[in-house]
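The values are calculated or read from the model by the stated rules, or taken from the named source; none is laboratory data. Note that the structure is predicted; figures quoted are calculated from it, not measured. Here the Cβ positions follow ideal geometry from the backbone for every residue, glycine too, while neighbour counts run over all protein chains shown. The accessibility values were calculated without ligands, DNA or RNA, using every heavy atom of the protein model including side chains. Shrake-Rupley method; radii C 1.70, N 1.55, O 1.52, S 1.80 Å.
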Amino acid sequence: MPWIRIEIGAPGRSAETIGEKLSDLGARAVTYLDEGDSPVLEPAPWAVPDPDAWSAVRVAGLFELDVDLRAVRSAFPGQRMEVEFVAEEDWMNAWRRFATVRKFGRLMIVPSAPGETQEGDYGVPVPHGRASPQAPVVMRLDPGLAFGTGSHPTTRLCLEWLAGRDIGGCSVLDYGCGSGILAIAAKLLGAGYGAGIDHDPQALTAARANADRNGVSVAVEHSDTFGHGGGQPGGEAQGITGPFDIVLANIVSGTLVELAPRLSRCVASEGALVLCGVLPDQVGEVIHAYPAFEFRAPKRLEEWVLLQGERI
């Protein structure tokens, strides 16, 4: 069937925000194209093409014919916009031609691709078994039902934190897992056990599918039943209860404060607690909610902050 393609030009630094808006408005696929004079045609080894590095970007969203064009235009007041009809094509896979590859230390997130070889489509070997602390690690992840592809600053902060540590053999809990990106990354980086908790059934479905795509085992459970299994970290049949060597929660600050008693119980005696989704003026309130932890200096990316605490 034909589609409607809506293209918006913008500075590179705002590309991801525009892409997220287009997705929220119903875009079935979003692509990023360089519009300035800084294309990344053949990056150096391990270099990553990123819209943020481009001076100007065209962000294109592919919509079904019943898209509310008035709503889309009102979402981008004053911005240059082009609307066109396009012929039928396998657009749900065609977006991969332009999908952004992201690198976080030794962790690289790339889109999956039909017919990929053992060496992958980006010349990076797909790892098997436990990763060494120095070995590059590849995660295959496509945009889908649940939040989390590594583009948002809070997710980037968490991924960089994981990739910067030797977590070999650790047990890791991703609370509010969305697509499962943090738990899956932990497993690929060598964690012995990975678990994800979320309240959204679609997120749990996406997390399972993404774990399978990456060849790792991640236990997932709905937040309503979490903590009632009565066992140590294990499969879903036992229930996911902890304690864990590492607990990550990439959620808004109000929820982090509300969940403080539950998350605190999940951290092992010498474990680490990583909280993200916090704005600078919310740091004090969040830290105050976790009196059993000593927090390091906050790490900031754009307007977001990551807090790392160790149990006292």
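Give the residue, chosen from Leu306, Leu273, that is touching a Cys at 6+ places or on another chain (Cβ under 7 Å) and modelled with pLDDT of 95 or more.
Values: Leu273 fails: touching a Cys at 6+ places or on another chain (Cβ under 7 Å).
Being touching a Cys at 6+ places or on another chain (Cβ under 7 Å) and modelled with pLDDT of 95 or more holds for just one of Leu306, Leu273, which is Leu306.
Could you list, in sequence order, all residues of segment 70-112 that are assigned to a loop (DSSP other than H, G, I, E, B), modelled with pLDDT of 80 or more and surrounded by 14 or more Cβ atoms within 10 Å (Cβ to Cβ)?
Matches in segment 70-112: Phe76, Gly105, Arg106.
Give the residues of segment 194-208 that are modelled with pLDDT of 90 or more and open to solvent by 20 Å² or more (accessible area, probe 1.4 Å), sorted by residue number.
Passing the criteria: only Arg208.
Which of the residues that make up segment 293-312 are in contact (Cβ under 8 Å) with a residue 40 or more places away in the chain, assigned to a strand (DSSP E or B) and surrounded by fewer than 17 Cβ atoms within 10 Å (Cβ to Cβ)?
Hits for segment 293-312 are Lys299, Leu301, Glu310, Arg311.
Surrounded by 24 or more Cβ atoms within 10 Å (Cβ to Cβ), at pLDDT 85 or above and touching a strand residue (DSSP E or B) at 6+ places or on another chain (Cβ under 7 Å), is that true of Ala191?
Numbers: surrounded by 24 or more Cβ atoms within 10 Å (Cβ to Cβ): yes; at pLDDT 85 or above: yes; touching a strand residue (DSSP E or B) at 6+ places or on another chain (Cβ under 7 Å): yes.
Yes; evaluated as a whole, the condition is true for this residue.
With segment 243-292 as the region, which helices (runs of 4 or more DSSP H) entirely inside it contain at least 1 residues that are polar (S, T, N, Q)? Talk me through it step by step, then tell me what you get.
Values: elements: 253-258, 260-266, 283-288.
Result: 253-258, 260-266.
Is it fair to say Glu7 is open to solvent by less than 30 Å² (accessible area, probe 1.4 Å), charged (D, E, K, R) and either assigned to a strand (DSSP E or B) or modelled with pLDDT of 85 or more (or both)? Outline the logic, then answer.
Working: open to solvent by less than 30 Å² (accessible area, probe 1.4 Å): yes; charged (D, E, K, R): yes; either assigned to a strand (DSSP E or B) or modelled with pLDDT of 85 or more (or both): yes.
When the stated conditions are applied, Glu7 passes them.
Any idea which of (1) closer than 17 Å to Leu159 by Cβ; (2) open to solvent by 70 Å² or more (accessible area, probe 1.4 Å); (3) at pLDDT 95 or above is the one Leu248 doesn't satisfy?
Exception for Leu248: condition (2).
Return a yes/no flag: does segment 272-292 have any residue that is touching a residue at least 40 places away in the same chain (Cβ under 8 Å), touching an Asp or Glu at 6+ places or on another chain (Cβ under 7 Å) and within 20 Å of Leu159 (Cβ to Cβ).
There is no residue in segment 272-292 that is touching a residue at least 40 places away in the same chain (Cβ under 8 Å), touching an Asp or Glu at 6+ places or on another chain (Cβ under 7 Å) and within 20 Å of Leu159 (Cβ to Cβ).
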